[in-house]
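Asker: Next up is a structure, given as structure tokens.
No value in this document is a laboratory result; all are computed from the given coordinates. No experiment lies behind these values; they were computed from the predicted model shown. We place every Cβ from the backbone using ideal geometry, glycine too, and count neighbours over all the protein chains shown.
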Amino acid sequence: MTLKELSIIPEPVNISSKEGAFTLNKKTLILTDLKLIAIAEQLKQVLLSTLGLNIAIKEDLQTKESNNVIILKTVNNEKQLKHESYSLIVSQDRIEIVASTPNGVFYGIQTMRQLIPLEAIGGKNINLEFSIPCVVIEDYPRFKWRGFMLDVGRHFFTKSEVKKVLDLMAFLKLNKFHFHLTEDQGWRVEIKKYPLLTEIGSKREGTIASQGSFRSNRKNKVPLDGVPVSGYYTQQDLIELIQYATERFITIIPELDFPGHTTAALAAYPELSCTGGPFKVSTRFGIHKEVLCIGKEKVFEFTQNVLNEIIEIFPSKIIHIGGDEAPKKRWKNCLDCQARIKNEELGSVENLQVYFTNRIADYLESKGKQIIGWNEILNDKLNENAICHYWTANLKQVLEHARLGREVVMSEMSAVYLNYPYKIIPLERSYNYEPIPNELEAKYHDKILGIEACLWTEFVKNKKTLEWQAFPRLIAIAETGWIPKNKKNFKTFQKRLETFNKWLDFFKVSYAKKEEFDIINSN
Ligand code: ACM
Ligand code: ZN
């Protein structure tokens with residue numbers, strides 16, 4: 001097999017193909033140790049579901065058996081020290097996956113899966129003998145943050161739909177699932193101390209029927225479509241999803257969006273607003289003027305109590321607190337907000353949000369956590385350990401943040417917002433997006449933690465549309481997250497994508513096909 005025929009996404013950093021092949025069959029044995037036994041079990045399950053091949057695992061790395069084996073092991077040598085790195089060596093008598101950490105071994109397995117001959121997937125080979133081409137791969141990621149965000153506020157996605165997303169992320173070596181859990185149109189996480197958040201806040205009576213533009217429906221004049229939307233995750237559901245993600249080396253970063261995008265929460269607890277309400281869970285999209293009142297202490301009590309339950313469930317050190325699109329109109333006319341500005345000597349309404357953000361950041365820091373927020377949280381007075389999640393507008397301010405030695409995750413709207421139609425963000429645009437801004441001096445490059453694709457779901461009502469919008473653009477973004485900048489090549493990517501699509505067919509993913517990109521507007 002020539003190198004050209006190997007088709008792996010993300011493309012490994014170093015790959016060389018060799019003569020010959022390993023024959024995977026019923027007698028193949030997985031050899032590993034206790035530390036990696038759960039990963040070995042996953043490999044076993046993958047081979048069973050992909051090929052119909054059921055092989056045994058032996059927890060013994062000292063064994064003399066060295067023929068027809070798949071060895072999974074961790075070592076402490078310098079070569080393997082790069083975080084998440086692995087080596088995968090396929091020779092005629094064995095496959096060896098070696099890393100310094102279990103996640104490296106896991107990624108080696110993901111690469112090995114893509115060496116399985118395509119014609120064998122789906123368990124059609126009754127001889128149960130499969131050729132894996134001999135190859136030497138040394139591989140490691142470019143970025144430590146390789147993310148995907150799913151908005152479940154606008155439309156709810158079930159646990160099993162989320163699990164499928166996590167499976168696909170793992171296959172692409174993505175490692176951060178940003179779970180956007182609260183919105184104007186729906187609060188989707190059970191909080192025991194505030195049951196109305198889900199009793200009231202997780203349900204809306206419908207959605208504006210005209211989806212043409214956010215602006216045209218601002219005054220609620222457009223009729224509703226009459227289709228109620230509801231749903232939320234219990235804390236037990238979330239624990240199950242976190243477990244599922246953890247087994248796939250994915251950290252779930254929960255986002256509770258404060259102080260804007262909180263209409264659903266205010267419908268449940270209107271006393272947290274400046275005006276007192278009443279409010280309804282929103283049935284339209286766009287920026288909403290109702291926000292948390294920053295003048296009232298009970299808002300801080302609420303936010304901290306909610307976050308207490310969140311950090312009990314989510315082990316992630318990093319918690320996303322939103323912070324985008326919070327208009328100041330209500331704060332300007334609120335006596336409590338004005339008193340806060342005066343008493344805290346904030347100078348103007350412009351500094352109310354940073355006051356809020358810093359109090360929440362301090363609180364979470366006291367619990368061993370760190371915040372990330374959308375780039376609207378940036379302010380001269382922002383706490384230094386707050387991570388900036390860039391999405392739009394003020395790149396200059398984001399560069400300054402990085403130059404102060406502070407961290408950034410990049411989600412440039414015009415490249416990685418997967419809700420946009422392919423006409424507006426073509427696959428090539430997503431692929432060629434470079435997360436480290438040109439203007440940023442090399443000494444600050446490590447402040448760019450990585451790249452994250454975002455899928456907002458105003459107009460994504462079901463799993464089929466979710467998959468169509470995300471794939472193949474998420475595949476392109478996963479490659480940017482992993483491979484060195486100078487290895488990126490859209491031409492070879494497109495070629496490899498043809499092979500990858502066969503995997504998507506096997507996983508029953510409703511991806512957008514090349515011939516559809518230009519003719520179908522996803523709206
Ligand atoms: C955002 O797209 N409002 C972060
Ligand atoms: Zn107020």
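Asker: Looking at the range 90-159, which trypsin sites (Lys or Arg not before Pro) are in a loop (DSSP not H, G, I, E or B) and have at most 13 other Cβ atoms within 10 Å?
Answerer: Here the trypsin sites (Lys or Arg not before Pro) that fit, given the DSSP loop and packing criteria, are LYS124, LYS144.
Asker: Based on the alpha-carbon gyration tensor of the range 229-386 and its eigenvalue square roots a ≥ b ≥ c, which shape applies: rounded if a/c is under 1.5, prolate if not and a/b is larger than b/c, or oblate?
Answerer: Oblate, because a/c is 1.5 or more while a/b does not exceed b/c.
Asker: Return the ratio Rg/(2.2 N^0.38 Å) for the chain, where Rg is computed over Cα atoms only.
Answerer: It is 1.03.
Asker: Turning to a different aspect of this structure: If a cysteine in the chain has no other Cys Cβ under 4.7 Å from its own Cβ, put it on the list, ordered by number.
Answerer: Lone cysteines by the Cβ rule: CYS134, CYS388, CYS454.
Asker: Rounding to the nearest 10 and keeping the result within 0 to 90°, find how far the Cα-based axis of helix 235-247 lies from the longest principal axis of the chain.
Answerer: The answer is roughly 40 degrees.
Asker: Given LYS396/LYS461; LYS173/LYS491; LYS144/LYS296; LYS18/LYS491; LYS173/LYS447, which pairs have Cα atoms separated by over 32 Å?
Answerer: In this structure, LYS396/LYS461; LYS144/LYS296 lie more than 32 Å apart at Cα.
Asker: Then there's this: Give me log10 I(q)/I(0) at q = 0.13 Å⁻¹ for the range 350-402, Debye formula, one equal scatterer per alpha-carbon, no solvent.
Answerer: Per q value, in the given order, log10 I(q)/I(0) is -0.28.
Asker: Right, next: I'd like to know which of GLY260, THR246, ILE287 lies farthest towards the positive end of the charge dipole of the range 184-319, counting +1 on Cβ of Lys and Arg and -1 on Cβ of Asp and Glu.
Answerer: ILE287
Asker: Is the C-alpha gyration tensor of the range 302-343 telling us rounded, prolate or oblate? Criteria: a/c under 1.5 is rounded; beyond that, a/b larger than b/c is prolate, otherwise oblate.
Answerer: prolate
Asker: From the residues GLN304, LEU36, THR198, which one has its Cα farthest along the dipole of the chain in the positive direction, the dipole being from +1 and -1 charges on Cβ of Lys/Arg and Asp/Glu about the Cα centre?
Answerer: Result: THR198.
Asker: Could you give the size of the charge dipole of the range 1-90 about its Cα centre, using +1 on the Cβ of each K and R and -1 on the Cβ of each D and E, expressed in debye and rounded to the nearest 20?
Answerer: Charge dipole, the range 1-90, about its Cα centre: 160 debye, nearest 20.
Asker: Also, quick follow-up: Nothing charged except the Cβ atoms of Lys and Arg (+1) and of Asp and Glu (-1): what's the magnitude of the dipole of the chain about its Cα centre? Round to the nearest 20 debye.
Answerer: Computed charge dipole of the chain: roughly 760 debye.
Asker: Could the peptides 320-331, 181-192 be put in order, highest first, of the mean number of other beta-carbon atoms found within 10 Å of their residues?
Answerer: For the peptides 320-331, 181-192, the packing ranking is 181-192, 320-331.
Asker: A further question on this structure: Take GLN235 and LYS144, extend 7 Å from each Cα along the Cα→Cβ direction, and tell me the distance between the two endpoints in nm.
Answerer: If labels sit at GLN235 and LYS144, their model points lie 3.0 nm apart.
Asker: Tell me the net charge near VAL229. Cut-off is 9 Å between Cβ atoms, VAL229 excluded, with +1 for each Lys or Arg and -1 for each Asp or Glu.
Answerer: +3
Asker: Hey, any idea what Rg/Rh is for the range 389-523, computing Rh the Kirkwood way over Cα pairs?
Answerer: Across the range 389-523, the Cα-based Rg/Rh ratio is 1.00.
Asker: Sort the following peptides by mean Cβ neighbour count (other Cβ atoms within 10 Å, averaged over residues), highest first: 83-92, 250-259.
Answerer: So the order, starting with the most tightly packed, is 250-259, 83-92.
Asker: How big is the Kirkwood radius of the range 13-162, worked out from every pair of different alpha carbons and given in Å to one decimal?
Answerer: 16.5
Asker: Please list, by residue number, every one of the trypsin sites (Lys or Arg not before Pro) in the range 219-324 that is coil in DSSP and has at most 10 other beta-carbon atoms within 10 Å.
Answerer: LYS219, LYS221
Asker: Trypsin sites (Lys or Arg not before Pro), restricted to the range 1-58: which are DSSP loop and have at most 13 other Cβ atoms within 10 Å?
Answerer: LYS26, LYS27
Asker: Mind putting a number on the dipole of the range 338-468 about its Cα centre? Charges go on the C-beta only, +1 for Lys and Arg and -1 for Asp and Glu, and I need it in Debye to the nearest 20.
Answerer: Charge dipole of the range 338-468: 420 debye, to the nearest 20.
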